[in-house]
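Notes to accompany the following structure.
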Amino acid sequence: MGKPSHNWLKISIINLLIVSFVGVILRYKIAFSLPFIDQKHLLHGHSHFAFAGWINQAIMILIIHSISFNDENKLFKKFKPLLLINLLTAYGMLISFAISGYGVYSISFSTLSIINAYVFGILVWRELNKTNKNLRSYWWYKAGIIFNILSSVGAFTLSFLMAKNSINQNYYLLAVYAFLHFQYNGWFFFACMGLFINQIEKIEGIAKNLKVIFWLFSIACIPAYYLSALWLPIPIIGYCIIVLAALAQCLGWGMLLMLIYKNNKQFEALIHHNGRWLVYLAGIALSIKLLLQLVSTIPFLSQLAFGFRPVVIGYLHLMLLGVISLFLLGYILASHLFKINYYTKIGSIVFVTGIIINQLLLLVQGIEAMNYIGIPFINESLFVVAIVMFMGLVLINIQNEYNHKSKN
């Protein structure tokens, strides 16, 4: 029997496969026809399941693993009920949203998921305090927990508006962007950074710089929310603060890259080559994301970007697939939590290739939308790429299942 972290992560990777499969269905419906499926409802199920079933589940497991030291079995036993509840709510949201959209069942599962996240955050916070270690990675975990709580404000507001059939577009968008921002720029990003810093803070003499980097990102996170709301009338002082927040994040990221560059040999010794290339790709995606974020502070470009759905979808996919998902896969492989075999490598390459082509096509689609130019077969191409990503994950899951059976 494998380690608890391996067994739980196996379920997370299966969930990622399900996310990809639903993505294939969504792309098929856009390109062709699938009248018995409600696109909007399934899209809500897809996004909620991607957040809870794949990203949140994987992050929870990896944080438990990173703070368990030599007592992994005991700590996973303690957190097992929360991991199971998170899975229950993830599957519940996928099914209920797909069937009826925002309703009693979907909102109930969503609320239970948020409450479960609160409990998880409290227990992790207590575990971190028990260690009596002032590690920089623990700061990132704690900040991520706070931002996860903040994101729930957007989720509750959105659920309230949907339940009341409110048609106020500004309130709706502000609630959506609050939830999304404090999830992927808050909880997801800070948790992943905590996992990453947990490895590189072992390099001697870099703790002081890591402290500065943490504060640049954490202080900038709240005002950076308004980068998604630049279409609102914002006072000049508020606008300057938003620009400074975008600059602070770029500065923090640049400082971290310089630290890695100066300590490259120690870094490569800590991050195994099996997953290092995925971590590098996630870093490139994050660099692009932060630069686009900074450019979006130009009022004309901000209004142009948020006025076109393909641009928003491309931006979200860049963060959730290009940054978060690639990092998590890279971290899992680099930490030897999965046995690396031929099909794992091929599957990873196929999946990454699909992500890159998907982002390029979304870029083309965004330019197409902004210039009102029709590009033939763009939706069909996105459907094919969705299948490519799905097949890459099929190979990874087949190899994981084979490895699991060979151990038993």
Quiz item: Taking one equal scatterer on every alpha-carbon of the chain, how large is log10 of I(q)/I(0) by Debye at q = 0.11, 0.12 1/Å?
Solution: -0.83, -1.01
Practice problem: Sort M93, M258, M60 so that the residue with the fewest other Cβ atoms within 10 Å of its own Cβ comes first and the one with the most comes last. | Solution: M258, M60, M93
Self-check item: About the Cα centre, charge dipole magnitude for the chain (Lys/Arg +1, Asp/Glu -1 at Cβ), debye
Solution: 980
Quiz item: Distance in nm between label sites at L244 and E201, each 7 Å beyond Cα in the beta-carbon direction?
Solution: 2.7
Quiz item: Given only helices, namely DSSP H runs of n ≥ 4 each adding -39500 (n - 2.57), what is the per-residue ellipticity at 222 nm of the chain, to the nearest 500 deg cm²/dmol?
Solution: -27000 deg cm²/dmol
Quiz prompt | Partners for K3 among aspartates and glutamates (Cα-Cα distance below 19 Å; same-chain residues under 8 apart left out) | solution = D71, E72, E401
Quiz prompt | In region 45-127, chymotrypsin sites (Phe, Trp or Tyr not before Pro) in a DSSP loop with at most 13 other beta-carbon atoms within 10 Å | solution = F69
Quiz item: Within straight cross-link reach of K40, meaning Cα distance under 20 Å, which lysines are found once same-chain residues fewer than 8 apart are removed?
Solution: K29, K164
Quiz item: Can you give the Kirkwood hydrodynamic radius of region 151-214 from its Cα pairs, in Å with one decimal?
Solution: 13.9
Quiz item: For E268 and N379, what is the calculated FRET efficiency with R₀ set at 35 Å and r taken between the beta-carbons, to the nearest 0.05?
Solution: 0.25
Exercise. Sticking to Cα atoms, compute the Rg of region 1-133 to one decimal and its Dmax as the biggest Cα-Cα distance, whole number, in Å.
Key: 16.8, 58
Quiz item: List the trypsin sites (Lys or Arg not before Pro) in region 83-141 that DSSP assigns to loop (not H, G, I, E or B) and whose Cβ has at most 15 other Cβ atoms within 10 Å. Which are they?
Solution: K133
Quiz item: For the chain, list the DSSP H helices whose alpha carbon atoms reach 20 Å or more along the long axis and whose average Kyte-Doolittle value is 0.5 or above?
Solution: 4-31, 72-100, 104-130, 136-163, 207-224, 236-262, 273-295, 342-371, 378-407
Exercise. Have a look at L337, T157, L320 and report the one farthest towards the positive end of the charge dipole of the chain, computed about the Cα centre with Cβ charges (Lys/Arg +1, Asp/Glu -1).
Key: L337
Quiz item: Under a point-charge model restricted to the Cβ atoms of Lys and Arg (+1) and Asp and Glu (-1), what is the dipole moment magnitude of region 1-133 relative to its Cα centre, in debye to the nearest 20?
Solution: 280
Quiz prompt | Of N56, N379, N209, the one that fluctuates the most in a GNM where the chain has Cα springs shorter than 10 Å | solution = N209
Quiz item: Taking +1 at the Cβ of each Lys and Arg and -1 at the Cβ of each Asp and Glu, which of L26, I206, M258 sits farthest along the dipole of the chain towards its positive end, judged by Cα position relative to the Cα centre?
Solution: I206
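Each value in this text was obtained by applying a stated rule to the coordinates, not by laboratory testing. Since the model is a prediction, treat every value here as computed from it, not as a measurement. Note that we place each Cβ from the backbone using ideal geometry, even for glycine, and neighbour counts take in every protein chain shown.
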